[in-house]
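J.: Handing you this structure, nothing more for now.
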Amino acid sequence: ERTLREMYLSAFRRVVTQARPWTVMCSYNKVNGVYASQNHWLLTQVLRGEWGYQGLVVSDWGAVADRVAAVAAGLDLTMPGPDALGDRELAEAVAAGRLDPALLDQAARRVRELVDKAAARDKGTGSYDQAAHHALAREIAGRAIVLLKNDGALLPLAAGDGTQTIAVIGEFTRTPRYQGGGSSLIAPTRLDDALTEITAATEATVLFAPGYSVDDGPERDPRADARDLLAEAVAVAQAGDVALVFVGSEHETEGADRDGIDLPAAHRALIDEVARVNPRTVVILSNGAVLATSPWDREVPAVVEGWLLGQAGGGAVADVLFGKVNPSVRLAETIPLRLQDHPSYLDFPGEHGHVRYGEGLFVGYRGFDAREQEVAYPFGFGLSYTTFGYGDATATATPDGIEVRVPVTNTGDRDGREVVQVYVSLPGSKVTRARRDLKAFASVPLRAGETREVTLTVDREDLAYWDIRCGRWVVEGGEYRCAVGASSRDLRTTAAVAVAGDDAGVPLTADSTLGEWLADPRGARALTAAFAETADGSGAAGGPMAAFLADPTMALFLGATPLIRLSAFAPDLITPERVAKLVAAASA
């Protein structure tokens, strides 16, 4: 339950409680054996009861297995519709007393409220400025590109004086890989390609070779096979002062997972051959999820992670390559050396429709960092065309959490943005925790030479863990360490701060261990009195149990023993009746 609460529900909780959306959609899958569409605990107890959600819950398209069970669980709208058979099932269930009619009325009321609320909105003119929106899309795409490698400051490229030659290689350059499949497919109002945008951005001579073919690329001579395409690309690369190689994933869509993280064989061969003939090779990736960069990234001086950038992505890539945009974003996931290194590797995709989230709390970077495992590029990593320096951080506890302050300086000669990251840990915690958790970050614009004190706030609720014993969030007291830096592996300064904890209020029971009893002030007082007694209850100093625990080895051994089981060691002292009295005393 800690994994579910702390890792997977936490983002939804933040959105629901802070943004207060009008609708929430349930997923297709089962959660702990119950379909999300008919999961009362999820849709009613947690979403509405704990988080206070007031809006409508709609199903993903075709996600409802049982409409009666779904309405009873808290689902309001089944999609797609109309669904005459499901309507009859609901009516029959109400008539037969299997469904409370108040629940059906409630679902209908929520649908009507959504319709009324939407209808009341100002519809506007229905027009928009396509050019302005495209320009915004280009800006967003430029801000989304991650610079992974830039040896020898190969990038940014100079616009040139007409005497240079740039080799642009890869079919993705003229046939953009800009979106995934399934429900994400949209028709762009305009589609930029990198080949056109690069040509427009420079006075250099631009040469092009496709290098490989794609399903939706321009038709070529059917006699041209992969070997011909590769040979042509090598010849173009040899003629260039710099070679820009565009590669990436071939297919990504909802409803199906890739079967690996390696580049397609033709793309990998292209990198190898181009890098062999041109030492000034830049690789630009197009992909929706992480691709392995090892070992081929050792062959090239520069790597640009371009993701799926949307309709203006071609122009955005050109902006970054020629320095119009200083790349300033960071990786939101770790790039491993191998897929086998990932914390979830042994559990995913599971079997017979069941996936066990076996990595627990150690999702992604938390697992890599806990094992101190070598990675290609760590979580939070990203280069810039400038550099940044950090001063000493300070941390202060506030009623709302922790306030972290750190001076950051742009130490280079270009304006840029630094993504300042705060990773929090609690050494000696009583519960399992990640070695470090990202708890706050800020994208800070800094002019060349500028220093700014950056203030980041870690909310108190983000320090809490889900206590499975009492079923609620608890902040553990102690000295928290706030490590500030540029990635989870590049931490520049650390500040410690004492944070007062919550009273967990965990009930002591007969099955609580001796260690748990002694760690609780109420339990310790009750046990001290009990252990001071002799076996006959005379109250003489000492007592057999106290003497027993005076042996350090025995005390260590018994610390993990449930209280009721201590009767095996002191049957006259630890009786069921006395344990019941101890539980009552500790609860008073």
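The values are calculated or read from the model by the stated rules, or taken from the named source; none is laboratory data. The shown structure was predicted, so the numbers you read here are calculated from the model rather than taken from an experiment. When we count neighbours, we look across all protein chains shown, and the Cβ atoms used for this are built from the backbone with ideal geometry, even at glycine. Accessible surface is based on the protein model in full, side chains and every heavy atom, while ligands, DNA and RNA are left aside. Shrake-Rupley method; radii C 1.70, N 1.55, O 1.52, S 1.80 Å.
J.: Taking a virtual spin label 7 Å from the Cα of Thr411 along the C-beta vector, which residues in the range 368-385 bring their backbone nitrogen under 15 Å of it?
T.: The answer is 384-385, whose backbone nitrogens lie closer than 15 Å to the label point.
J.: Moving on. Show me, for the range 440-446, the HN-Hα J-couplings you get by feeding each phi into the Karplus relation (A = 6.51, B = -1.76, C = 1.60, θ = phi - 60°), rounded to Hz, glycine and proline as x.
T.: Those phi angles translate into 6, 7, 8, 8, 10, x, 9 Hz.
J.: Kindly write out, for the range 244-250 in residue order, the coupling ³J(HN,Hα) from the Karplus curve 6.51 cos²θ - 1.76 cosθ + 1.60 (θ = phi - 60°), rounded to whole Hz, with x marking Gly and Pro.
T.: Those phi angles translate into 9, 10, 9, 9, x, 7, 8 Hz.
J.: Okay, moving on. With +1 on each Lys and Arg Cβ and -1 on each Asp and Glu Cβ, how big is the dipole of the range 1-127 about its Cα centre, in debye rounded to the nearest 20?
T.: The calculation lands at about 440 debye.
J.: If you split all Cα-Cα distances of the range 1-146 into 5 Å bins from zero, what percentages do you get per bin, shortest first?
T.: Per 5 Å bin, starting at zero, the Cα-Cα P(r) for the range 1-146 comes out as 2, 8, 14, 18, 16, 13, 11, 9, 5, 3, 1, 0 percent.
J.: While we're looking at this one, here's another question. Rolling a 1.4 Å sphere over the protein heavy atoms, what is the accessible area per residue of the chain, to the nearest Å²? Provide the component values of the computation, followed by the final result.
T.: Working: 29620 Å² over 588 residues.
Ligands and nucleic acids excluded, the figure is 50 Å² per residue.
J.: While we're here: Rg/Rh for the chain: what does it come to with C-alpha atoms and Rh from Kirkwood? Walk me through the intermediate numbers first.
T.: Numbers: Rg = 30.5 Å, Rh = 28.8 Å.
So for the chain, dividing Rg by the Kirkwood Rh gives 1.06.
J.: Here is a follow-up. Write out the chymotrypsin sites (Phe, Trp or Tyr not before Pro) in the range 25-67 meeting two conditions: DSSP loop, and at most 14 other Cβ atoms within 10 Å of their Cβ.
T.: Details: sites: Tyr28, Tyr35, Trp41, Trp51, Tyr53, Trp61; in loops: Tyr28, Trp51, Tyr53, Trp61.
Listed in order of number, the matching sites are Trp61.
J.: Name the residue from Ser384, Asn410, Pro399 whose Cα lies farthest towards the positive end of the charge dipole of the range 371-443, charges +1 on Cβ of Lys and Arg and -1 on Cβ of Asp and Glu.
T.: Looking along the dipole axis, the top candidate is Pro399.
J.: Near Lys149, which lysines are there with a Cα under 21 Å away, not counting those fewer than 8 places off in the same chain?
T.: Partners within reach: Lys324.
J.: Working out 0.36 nm times the residue gap between Ala560 and Ala120, then minus their Cα-Cα distance, what length gain in nm do you get to one decimal?
T.: Values: separation 440, 0.36 × 440 = 158.40 nm, distance 6.18 nm.
Difference between extended and current length: 152.2 nm.
J.: Using only Cα atoms, tell me the angle between helix 101-119 and the longest principal axis of the chain; keep it within 0 to 90° and round to the nearest 10.
T.: Roughly 40 degrees, rounded to the nearest 10.
J.: What is the antiparallel percent of DSSP beta bridges lying wholly in the chain, to the nearest 5?
T.: Numbers: 54 of 79 bridges.
Approximately 70 percent, going by the DSSP bridge assignments.
J.: Would you calculate, for the chain, the mean residue ellipticity at 222 nm contributed by helices, counting each DSSP H stretch of 4 or more residues as -39,500 (n - 2.57) and dividing by all residues, to the nearest 500? Walk me through the numbers on the way to the answer.
T.: On the way: 15 runs with 151 residues, N = 588.
Theoretical 222 nm ellipticity from helices: -7500 deg cm²/dmol.
J.: A follow-up question, please. To the nearest 10 degrees, how steeply does helix 576-587 sit against the main Cα axis of the chain, on a 0 to 90 scale?
T.: 60 degrees
J.: Ok, one more. Hey, any idea what % of the range 194-307's accessible area is carbon plus sulfur with a 1.4 Å probe?
T.: On the way: 2530 of 5310 Å².
Carbon-and-sulfur percentage of accessible area, whole number: 48.
J.: Can I ask one more? How about the range 220-273: which trypsin sites (Lys or Arg not before Pro) there lie in a loop by DSSP and see at most 13 other Cβ atoms within 10 Å? Walk me through the numbers on the way to the answer.
T.: Working: sites: Arg220, Arg223, Arg227, Arg258, Arg268; in loops: Arg220, Arg223, Arg258.
Answer by residue number: Arg220, Arg223.
J.: So which of Lys30/Lys439; Lys30/Lys581; Lys439/Lys581 end up more than 32 Å apart by C-alpha? Write out the running numbers ahead of the final one.
T.: On the way: Lys30/Lys439 29 Å; Lys30/Lys581 44 Å; Lys439/Lys581 44 Å.
Correct reply: Lys30/Lys581; Lys439/Lys581.
J.: Which aspartates and glutamates, on any chain, are close to Lys123 with Cα under 20 Å apart, when same-chain ones fewer than 8 places away are left out?
T.: Reachable aspartates and glutamates: Glu113.
J.: Related question: According to a simple spin-label model (label point 7 Å from Cα along Cα-to-Cβ), what is the distance in nm between Leu85 and Glu299?
T.: Going from the Glu299 label point to the Leu85 one covers 5.4 nm.
J.: How high is the relative contact order of the range 296-447? Use alpha-carbon pairs under 8 Å, at least six apart in sequence, and give a whole percent. Write out the running numbers ahead of the final one.
T.: Values: 200 pairs, mean separation 30.9, N = 152.
Value for the range 296-447: 20 percent.
J.: Among Leu527, Cys482, Gly310, whose Cα sits farthest toward the positive end of the charge dipole of the chain (+1 at Cβ of Lys/Arg, -1 at Cβ of Asp/Glu, about the Cα centre)?
T.: Leu527
J.: Choose one of Ser344, Thr253, Leu157: the residue whose Cα lies farthest towards the positive end of the charge dipole of the chain (beta-carbon charges +1 Lys, Arg; -1 Asp, Glu; about the Cα centre).
T.: Ser344
J.: Treat every Asp and Glu Cβ in the range 383-452 as -1 and every Lys and Arg Cβ as +1, leave all other atoms uncharged, and give the resulting dipole magnitude about the Cα centre to the nearest 20 debye.
T.: Numbers: 10 positive and 8 negative charges, 67 e Å.
My answer is approximately 320 debye.
J.: Report, to the nearest whole %, how much of the accessible area of the range 1-116 belongs to carbon and sulfur atoms, 1.4 Å probe, protein only. All intermediate terms of the calculation are to be shown ahead of the outcome.
T.: Values: 3570 of 6390 Å².
With neighbouring chains kept in place, the figure for the range 1-116 is 56 percent.
J.: Percent relative contact order of the chain, based on C-alpha pairs within less than 8 angstrom and at least six residues apart?
T.: On the way: 1078 pairs, mean separation 58.4, N = 588.
This gives 10 percent for the chain.
J.: For Glu450, enumerate residues with amide H under 5 Å from its amide H, sequence gap 5+ or separate chain, H modeled in the peptide plane.
T.: Distant-sequence amide H within range of Glu450: Asn410.
J.: Rounded to the nearest Å, what's the spacing between the alpha carbon centres of the range 126-178 and the range 312-380? Just the number, please.
T.: 23 Å
J.: Please label the shape of the range 72-221 as rounded, prolate or oblate, based on the square roots a ≥ b ≥ c of the eigenvalues of the alpha-carbon gyration tensor (a/c under 1.5 means rounded; beyond that, a/b larger than b/c means prolate, else oblate).
T.: Values: a/c = 3.50, a/b = 2.70, b/c = 1.30.
Taking the square roots of the gyration eigenvalues as a ≥ b ≥ c, the range 72-221 is prolate.
J.: For a test of the definition: using alpha carbon positions, the gyration tensor, and the 1.5 limit on a/c, classify the range 189-328 as rounded, prolate or oblate. List each step's numbers first, then the result.
T.: Values: a/c = 1.22, a/b = 1.03, b/c = 1.18.
It comes out rounded by the Cα gyration axes.
J.: Charges at C-beta only: +1 for Lys and Arg, -1 for Asp and Glu. How large is the resulting dipole of the chain about its Cα centre, in Debye rounded to 20?
T.: Working: 57 positive and 78 negative charges, 229 e Å.
Dipole of the chain, to the nearest 20 debye: 1100 debye.
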